Amino acid sequence: MAIILDGSTGITVNKVAFDNSGVAGSASTPSIYPVSDTNTGFFFPAADTFAAATSGTERLRIDSSGNVKFAGSISVGNATPAASGAGITFPATQSASSDANTLDDYEEGTWTPNVIHSGSNNSTWTTKNGYYTKVGRLVTAWFVCDGGTSGTAGTNLQVTGLPFALGTISGAITFGIWSTNGTVRTGGLNISSSGTTTMNMYNGGSPIIEQQSYASGCITYFA
């Protein structure tokens, strides 16, 4: 049996297909379909299983255990689904959830870092590249500054322009890995104040004050 959706009469039964052979349907010939679009609708590929098709191709399936399978991308928060590949698309601007167990944001992008000495902004970098990935509140940011210097030496070395401000976390100090003038160090990047987009560079427990001709690094923190 096929059920046809007709704009003038609502749901009607196609008497021509009123027999057991047509009950389950398929992606190309769904059991329930609009009267003018016979390869788009709903069908039942197995016991206790429900599926939907468009243009004769299966797009959605719910099996007997409640598992859901999508053929394409899923968008949330009224975002536009991805035009290629398959995944979950979040809005360009986060729609924050009050539920701590809800993933409400994912994005990748670029930012413009600037490695300078505090109190001055006379760096001469010709290359300033930054990349980030944000999953919920967790941000991982990479940066590199090259082809110039950090400017006037003598005050603490800082990286400005982080893509997201540090979130409100009491006594937060975050750590990363960095390299300056060809020397790789660990544990020397931190953002000590909530609400800021500037991180400080340390050599052990001491701030770096020497002029640098190259700087790169990576830091993970909560936004």
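Just one of Asp19, Asp99, Asp63 is exposed (fewer than 12 other Cβ atoms within 10 Å of the Cβ) and either closer than 29 Å to Trp142 by Cα or modelled with pLDDT of 85 or more (or both); which is it? Please lay out each step first, then the result.
Working: Asp19 fails: either closer than 29 Å to Trp142 by Cα or modelled with pLDDT of 85 or more (or both); Asp63 fails: exposed (fewer than 12 other Cβ atoms within 10 Å of the Cβ).
That would be Asp99, the only listed residue that is exposed (fewer than 12 other Cβ atoms within 10 Å of the Cβ) and either closer than 29 Å to Trp142 by Cα or modelled with pLDDT of 85 or more (or both).
Could you pull out every one of the strands (runs of 3 or more DSSP E) wholly within the stretch 53-146 that has 1 or more residues that are of a type in the set (Asp, Glu)?
Working: elements: 57-62, 68-70, 106-111, 114-117, 127-135, 138-146.
Here the list reads 57-62, 106-111, 138-146.
May I ask you to list the residues in the stretch 35-83 that are of a type in the set (Lys, Arg) and touching a Lys or Arg at 6+ places or on another chain (Cβ under 8 Å)? Can you show your working first?
The first filter runs over the stretch 35-83 and keeps only residues of a type in the set (Lys, Arg), leaving 59, 61, 69.
Selection gives Arg61, Lys69.
If Thr89 meets every condition in (1) modelled with pLDDT under 85; (2) over 14 Å from the mean Cα position of the chain (by Cα); (3) buried (at least 16 other Cβ atoms within 10 Å of the Cβ) apart from one, which number is that one?
Thr89 satisfies all of (1) modelled with pLDDT under 85; (2) over 14 Å from the mean Cα position of the chain (by Cα); (3) buried (at least 16 other Cβ atoms within 10 Å of the Cβ) except (2).
Which of the residues spanning the stretch 33-57 are in contact with a strand residue (DSSP E or B) (Cβ under 6 Å, 6 or more places away or on another chain), modelled with pLDDT under 85 and not aromatic (Phe, Trp, Tyr)?
Matches in the stretch 33-57: Pro34, Val35.
The values are calculated or read from the model by the stated rules, or taken from the named source; none is laboratory data. Computed from a predicted structure; not experimentally measured. As a convention, Cβ positions derive from the backbone with ideal geometry for all residues, glycine included, and neighbour counts pool all protein chains shown.
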